[in-house]
Amino acid sequence: MTRKIIVSIAIFLFVSKSTINPVPEISHKCSGDNCLFDEAVQLIKENEGWHTKNNYPYVGYGHKLTPKDTFNHNISKDFADKLLREDLLQKCAVFRKYGEDSLLLGVLAYNVGEYNILGNKNKSPSKLIKKLNAGNRDIRNEYISFCHHKKKQIPSIKRRRQREFELLYNK
């Protein structure tokens, strides 16, 4: 519970600071070695692996290059870690209204994109978001359902979702 509060505070601080500074400093407090945000970063690294020039437009641990980026796939692991943390904080900020679930949703969005969760003009919001918006946090099945590629369930992605949910969901 304390870890969830610390992560929520860190996300709040990032969001309020990011309106001033477009490239946020990464500052989140952890108690000892147990920082939920750091655990989420490690989980993403394990699942994303290292992206090379063959994975263009993705680099490092899954950062999608933008026209504003002044680098390519030739980046250090430290720089890739920084990119991952910045990207994940930005994803969490998108979901800040979901409070304790913002990190869980941010991790999911890092892999599938916010639009697949929130919807957009061409896509309806996911069942996951509809449940959360209705105040229902019984979302395990909906979260894990984000394990398909080309309409086929992928066992490794399902295992990833299960690990993410077990680590990051606050009951």
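Below is a table of values for the structure above.
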| quantity | calculated |
| --- | --- |
| Subset of the stretch 57-69 [surrounded by 12 or more Cβ atoms within 10 Å (Cβ to Cβ), outside any strand (DSSP E or B) and hydroxyl-bearing (Ser, Thr, Tyr)] | Tyr61 |
| Hits in the stretch 70-96 - residues which are in a loop (DSSP other than H, G, I, E, B) and open to solvent by 40 Å² or more (accessible area, probe 1.4 Å) | Thr70, Phe71, Asn72, His73, Asn74, Ser76 |
| Evaluation of Ile154 against (1) out of contact with any strand residue (DSSP E or B) (no Cβ under 9 Å at 6 or more places or on another chain); (2) modelled with pLDDT of 95 or more (one fails), failing number | (1) |
| Selection count where residues are closer than 16 Å to Tyr110 by Cα and among the aromatic types (Phe, Trp, Tyr), scope the stretch 45-88 | 3 |
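The values are calculated or read from the model by the stated rules, or taken from the named source; none is laboratory data. For clarity, every value in this text was computed on a predicted model and none was experimentally measured. Backbone-built Cβ (ideal geometry, glycine too); neighbour counts: all protein chains shown. For the accessible areas, the whole protein counts, side chains as well, though only heavy atoms, and no ligand, DNA or RNA atoms are used. Shrake-Rupley method; radii C 1.70, N 1.55, O 1.52, S 1.80 Å.
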